[in-house]
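The values are calculated or read from the model by the stated rules, or taken from the named source; none is laboratory data. Note that the coordinates shown come from a computational prediction; the quantities given were computed from them, not determined experimentally. Cβ coordinates were reconstructed from backbone atoms using ideal geometry, including for glycine residues, and neighbour counts include every protein chain displayed. Protein only, heavy atoms only, side chains kept; ligands, DNA and RNA dropped before computing areas. Shrake-Rupley method; radii C 1.70, N 1.55, O 1.52, S 1.80 Å.
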2 protein chains.
Amino acid sequence: MKSWIAGADSVETDFTIHNIPLGLFSRGSHDERPCPGTRLGDTVVDLSILAASGLLDKLVSAPTREALTTGADSLAPVADLPVLDRRQLRLALQSVFSQDKIPDGFPQNALVDVNAVQMLLPFRIGDYTDFCISVEHMKNAGRQVAGDARIPPQMPYMPIGYHGRASSVIVSGTPFKRPWGLYKLAPSDPEPVCAPTARLDYEVEMAFYVSSNTKLGRRLNSRESEEAIFGVVLMNDWSARDIQSYEMMPLGPFQGKNFATTVSPWVISPDALKPFEIPLPERLVPELAYLQDERVNRALDINLSVEVQTGNESQVIAGNINAKDFYWSMPQLLVHQTMSGCNVSTGDLIATGTCSGTTPNTLGSIVEVTEGGRKPWQLPSGKERTFIEDGDTVIMRGRCSKDGIHLGFGECSGLVLSADPI
Amino acid sequence: MKSWIAGADSVETDFTIHNIPLGLFSRGSHDERPCPGTRLGDTVVDLSILAASGLLDKLVSAPTREALTTGADSLAPVADLPVLDRRQLRLALQSVFSQDKIPDGFPQNALVDVNAVQMLLPFRIGDYTDFCISVEHMKNAGRQVAGDARIPPQMPYMPIGYHGRASSVIVSGTPFKRPWGLYKLAPSDPEPVCAPTARLDYEVEMAFYVSSNTKLGRRLNSRESEEAIFGVVLMNDWSARDIQSYEMMPLGPFQGKNFATTVSPWVISPDALKPFEIPLPERLVPELAYLQDERVNRALDINLSVEVQTGNESQVIAGNINAKDFYWSMPQLLVHQTMSGCNVSTGDLIATGTCSGTTPNTLGSIVEVTEGGRKPWQLPSGKERTFIEDGDTVIMRGRCSKDGIHLGFGECSGLVLSADPI
């Protein structure tokens, strides 16, 4: 399947005809409302204009066309469509853009260069949960914190997670200031200091947006959870290690993480990721019944990388992280989230926690790469570095390839500004 | 100061002329929009009707009248008013309702019996934080979990908190189902069960709504934090102790708490609580500079109680809990929340954690009252009880009295329904 959009068939692009993500963008003029869009190569397609042109009339349902043209300032109207309508929309867009040439009556003003738009957060996120489902990351964290690689005893039985801060989730490209917090300069110090973090780190994660509005007390089964996954993004769960370790016992991460969480703007549908599904890693213990279902036994074979850009140089710190190492699938996370009766809303964000493997090129955070800050990494110039410094930009990428087809997630990028003076 | 509204001067009522809380209510017919209201005795005043009547024209600003009549489905337009406008509104309402008799031109249809309205959650809560700022509660928890009364070492230096689940915050009177979760039946069991909680508990807390919309990276100082407290409510942080203790290390509470959190509907303004301010408890260590300011050195002398109603009988479990035992003030919580650069939004809910003292009548949770479930409490019939059972209603109340004036918070009440079958 090829596309008539220039550049969409390139091996370089993440945005092939096999992808067809959804995103929310603005053309940047002050009076213009955000629009839903998709992307092929370096071209953003304004789906509100396309839907209004009539070209989709026979291809998608009337509610779908309405959801695209409603003028809402989020993708919620699209995400609230039944799963079959969402699926049909993607197929319709593939059909429109995979013809030999531009279809008759195609509205040229629906096509915008990616450099002429600003990508926005696609939802007003109601609640954000961060899980921690990479066994190797937990082992690495155990080595740093407790000196051995034990994982929490409950980890093989259920996804461990915590509620994160929704307000500070920002879209790729949004800079943020180095956070202040309390921490000890040395473990033996009697008192903490209140200062900008000295150990700013990233975490390579994936996350999905929920498309379901449940009532309190309504538990989602595995089929419902699968259908309630609107789509997947990359996430950088920025972490201030000194603040985090000072505060986190016994109530978990708080200000070590609530200053910024960056997500990539293009939401990749579960259908696009289907060709890259493989079985979950081998079970450490038999799965409890509530998490069992053949349809949720699906890891995603997605290669993830993380690069630090600083001054005139840049370094890929880990280029071979893989999402297939996550112990639980995304539908299992949603089954677990709602098992207590906790209600979810469209636009809720649910993340995987740091993805890490066993080799240096597969470690998803600086604290793992540097063994707690003790082993520096090197820039091309030979300069030694440990944690993230002011002026650094951290860029995460994700790519799937199989049987000659490929697609990717675009960039999840964030620039660190210097801390406020006191 | 007395009121012409019948019952508003009674020693029984929480809703005296000194109170003038704000709340969101509906008359219950399907086509009727929620309205902002206040309450005197058992009378709810529809402030949209009052503002439209012209009676407030000379007493409050035009933006205030607009905020009351906008038809929004939350109190956000009122909470987003400048603090002086909010203050003026309360004084204006006191003046209208403290005259000798009903003012000329007063719109009678603005007065509704409290039994004819349904109280609603006053905001769509963006983020909810639960702190843990009662030293005695932490000591009691330490005794249960670790066998001694040590508090976490960081507790005297900063308010410890975690991000809670916003979606499952419900208004008083909303029943909920006993939650499912994973826990061990006995500590020595190798595997957890997945079952309804067997140790359902309450936590007596207070909470405040934020009235400020900050940008990421903007830290609030103590004056700004004081002005950004819209008002205070009672909160029941329902907790499933077995689920909580199985899951909470190392990432904090999650499903042990995310199934329901009940808040009282009437939001008491900081101005109403001013007469009941007293100095904070003695400092355990010198306060760090960022938390220091004379204006935030203010505890609130509020008596709190908790009662369990079951079948035909009821029992006050603790009647003498006092909010003055909290180690940090509410403005200090907001200073700390934003110190990392974390942004806040109007309607955010920030809670204190369980309030507990040292004597049996001052313990804010069943796990403390029963020493971890080992020492039962008794109903009037002599029946022994430990944790909360299906069909129980838990009611919290709060009351301030000083120099012949008094006011209260009304009820924070929740009924526990039986768990879903598997």
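The figures follow:
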read-out	value
Residue identified as open to solvent by 50 Å² or more (accessible area, probe 1.4 Å) and in contact with a helix residue (DSSP H, G or I) (Cβ under 8 Å, 6 or more places away or on another chain) among A:ARG39, A:ARG33, A:ARG87	A:ARG87
Qualifying residue in segment B:346-354 (condition: in contact with a helix residue (DSSP H, G or I) (Cβ under 9 Å, 6 or more places away or on another chain) and open to solvent by 10 Å² or more (accessible area, probe 1.4 Å))	yes
Selected residue (only one of A:VAL285, A:VAL316 is surrounded by fewer than 21 Cβ atoms within 10 Å (Cβ to Cβ) and within 14 Å of chain B (Cβ to nearest Cβ))	A:VAL285
Breaking point among (1) part of a loop (DSSP other than H, G, I, E, B); (2) out of contact with any helix residue (DSSP H, G or I) (no Cβ under 7 Å at 6 or more places or on another chain); (3) within 26 Å of A:TYR128 (Cβ to Cβ), for B:GLN244	(1)
Filtered residues of segment B:262-301 (kept if over 19 Å from B:PHE409 (Cα atoms), in contact (Cβ under 8 Å) with a residue 24 or more places away in the chain, part of a helix (DSSP H, G or I) and not basic (Lys, Arg))	B:TYR290, B:LEU291, B:VAL296
Segment A:262-274, residues that are touching a Leu at 6+ places or on another chain (Cβ under 9 Å) and surrounded by fewer than 19 Cβ atoms within 10 Å (Cβ to Cβ)	A:ASP271
Filtered residues of segment A:139-152 (kept if more than 9 Å from chain B (Cβ to nearest Cβ) and modelled with pLDDT of 90 or more)	A:LYS139, A:ILE151
Total residues in segment B:217-261, condition open to solvent by less than 10 Å² (accessible area, probe 1.4 Å) and free of Cβ contacts under 8 Å to residues at least 40 places away in the same chain	1
Selection status of A:GLY347, under 24 Å from A:SER269 (Cα atoms) and assigned to a strand (DSSP E or B)	no
The listed residue being crowded, with 16+ Cβ neighbours inside 10 Å and either among the small types (Gly, Ala, Ser) or not assigned by TED's automatic domain parsing to the domain that holds A:LEU407 (or both), out of A:ASP46, A:ASP57, A:ASP104	A:ASP46
Enumeration of residues in segment B:368-422 that are in contact with a Lys or Arg (Cβ under 7 Å, 6 or more places away or on another chain), open to solvent by 10 Å² or more (accessible area, probe 1.4 Å), under 27 Å from A:TYR290 (Cβ atoms) and of a type outside the set (Gly, Ala, Ser)	B:PHE387, B:ASP390, B:LEU417, B:ASP420
Conditions (1) of a type outside the set (Val, Ile, Thr); (2) surrounded by 17 or more Cβ atoms within 10 Å (Cβ to Cβ); (3) at the interface with chain B (Cβ under 8 Å from one of its Cβ atoms): number failed by A:PHE123	(3)
